[in-house]
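Here the structure comes first, spelled out in structure tokens, and everything after it is commentary.
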Amino acid sequence: MRNQFAPHVDFTEFQGLIKSNPKFLPSNLDMVMERNGKFLVAEWKRERETMPFGQELLLKRLAATDFIVLVIVGDNGTNVSSFLKVKESGDWIVLGRSIEELKDYIKGWYEWASKS
């Protein structure tokens with residue numbers, strides 16, 4: 001993040017807003033890129049951090065559209081132990097296990113999106 005002072009947004013004020021679905025809350029994404037109308041989004045998780053059901057559903061549904069969706073496991077944006085792609089089917093596939101492999105994937109995505 002370019003602004004180190006940007007706080008994380010607390011969405012608890014929205015809890016219960018939708019009476020028929022009181023657990024419905026906004027979700028945030030940790031990384032979003034766009035090139036020529038192609039989108040790459042990612043969610044970062046720490047080792048052994050669980051993903052809330054609603055967030056997992058959101059990512060799977062994004063992956064079923066024209067979005068490329070990644071889940072990156074690591075701890076501060078530079079220490080990446082693995083990254084996975086959410087396939088259109090909702091299944092997950094490991095694509096790499098290091099920050100260098102993630103950078104290579106992003107460069108490949110950029111090249112692909114540039115040709116579109």
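Read the figures in this text as sums done on the coordinates, not as results from a lab. Note that the structure is a prediction, hence the values are computed from the model and not measured. Note: ideal-geometry Cβ built from the backbone for every residue, glycine included; neighbour counts use all protein chains shown.
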- Message: Tell me the angle of helix 53-63 to the major Cα principal axis of the chain, expressed in degrees between 0 and 90 and rounded to the nearest ten.
- Response: 40
- Query: To the nearest 10 degrees, how steep is helix 99-114 against the longest Cα principal axis of the chain, on a 0 to 90 scale?
  - Reply: 80
- Message: To make sure I understand the rule: partners must be lysines, Cα under 24 Å from the Cα of LYS19, and not fewer than 8 residues away in the same chain. Which ones qualify?
- Response: none
- Quick calc, the chain, dipole around Cα centre from Cβ unit charges on Lys, Arg (+) and Asp, Glu (-), nearest 20 debye, gives 200
- Quick one: divide the alpha-carbon radius of gyration of segment 27-114 by 2.2 N^0.38 Å and tell me what you get. 1.02
- Query: If the cut-off is a Cα-Cα distance under 19 Å, which aspartates and glutamates reach LYS23, setting aside same-chain residues fewer than 8 apart in sequence?
  - Reply: ASP10, GLU13, GLU56
- Just tell me which lysines come within less than 24 Å, Cα to Cα, of LYS87; anything on the same chain fewer than 8 places away is out. LYS38, LYS45, LYS60, LYS103, LYS107, LYS115
- Charge dipole of the chain about the Cα centre (unit charges at C-beta), most positive-ward option of MET51, VAL80, GLY37: GLY37
